[in-house]
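What follows is a set of notes on a single structure, which appears directly below.
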Amino acid sequence: MIQQTRFDAPRIFHDVATLARRYCDIIDLSGSDWQHWLREIANLLPRLQVAIVSLRVDGRDFAPIYFMDLDARFELFAHLHRLLADRDSYWLEFDSSNEGADAMTGSLADDLTDIYCELKQGLLLYELDPDDAFAAWSSGYERHWGRHLIDADRHLAMLGAQERLDR
């Protein structure tokens, strides 16, 4: 007999907050002497996706409120772009490969930056009202950063297969 596991909302909520905090901490430490930060991100993203998809916020919608200013966001993107170097760009399904490498429109730095900003916003909300944070993470995932997570996960898997995660 197969026993169905019960949905444990407090546990899932705690897991999402913990994974969000860990992701932001890794990004904040990127560029230090820690050469395995990208591998850590590659290992964390699938767990984050499962946790976010498991959130049940009862259809509660949350309009995004951005606390991070655009200059700080751009600085983070530029920092990650420099760190990733030739590992940053990747092909999206609609890119034309006959136009050469310049036609690649996917950017891992952009993906990681957008995920960071959404998670960081949720962490700030979490301190004020955890329910708002979970609603923001869930609706933001559906509307925006979920696609970035999927694209980043796919590109990181390719980099891992090529043994290019650690440098």
Q. What are the residues in the range 102-129 that are at pLDDT below 90 and in contact with a Phe, Trp or Tyr (Cβ under 9 Å, 6 or more places away or on another chain), if any?
A. 103, 104, 105, 106
Q) Restricting the search to the range 114-167, which residues are of a type in the set (Asp, Glu) and either in contact (Cβ under 8 Å) with a residue 12 or more places away in the chain or in a helix (DSSP H, G or I) (or both)? A) 114, 118, 127, 131, 132, 142, 151, 153, 166
Q: Look through the range 107-139, keep the residues that are among the small types (Gly, Ala, Ser) and more than 20 Å from residue 150 (Cβ to Cβ), and return whichever of them is surrounded by the most Cβ atoms within 10 Å (Cβ to Cβ).
A: 133
Q: Determine which single condition residue 96 fails, assuming it passes every other condition in (1) surrounded by fewer than 16 Cβ atoms within 10 Å (Cβ to Cβ); (2) polar (S, T, N, Q); (3) at pLDDT 95 or above.
A: (3)
Q | Test set (1) farther than 14 Å from residue 49 by Cα; (2) within 15 Å of the chain's Cα centre (by Cα); (3) buried (at least 20 other Cβ atoms within 10 Å of the Cβ); (4) of a type in the set (A, V, I, L, M, F, W, C) - residue 157 fails condition number | A | (3)
Q) Which residues, taken from the range 62-81, are at pLDDT 65 or above, surrounded by fewer than 15 Cβ atoms within 10 Å (Cβ to Cβ) and not acidic (Asp, Glu)? A) 70, 72, 74, 78
**Q.** Selection count where residues are modelled with pLDDT under 80 and in a helix (DSSP H, G or I), scope the range 7-42
**A.** 2
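The values are calculated or read from the model by the stated rules, or taken from the named source; none is laboratory data. The shown structure was predicted, so the numbers you read here are calculated from the model rather than taken from an experiment. Ideal geometry is used to build each Cβ from the backbone, glycine not excepted, and the neighbour counts take in all protein chains shown.
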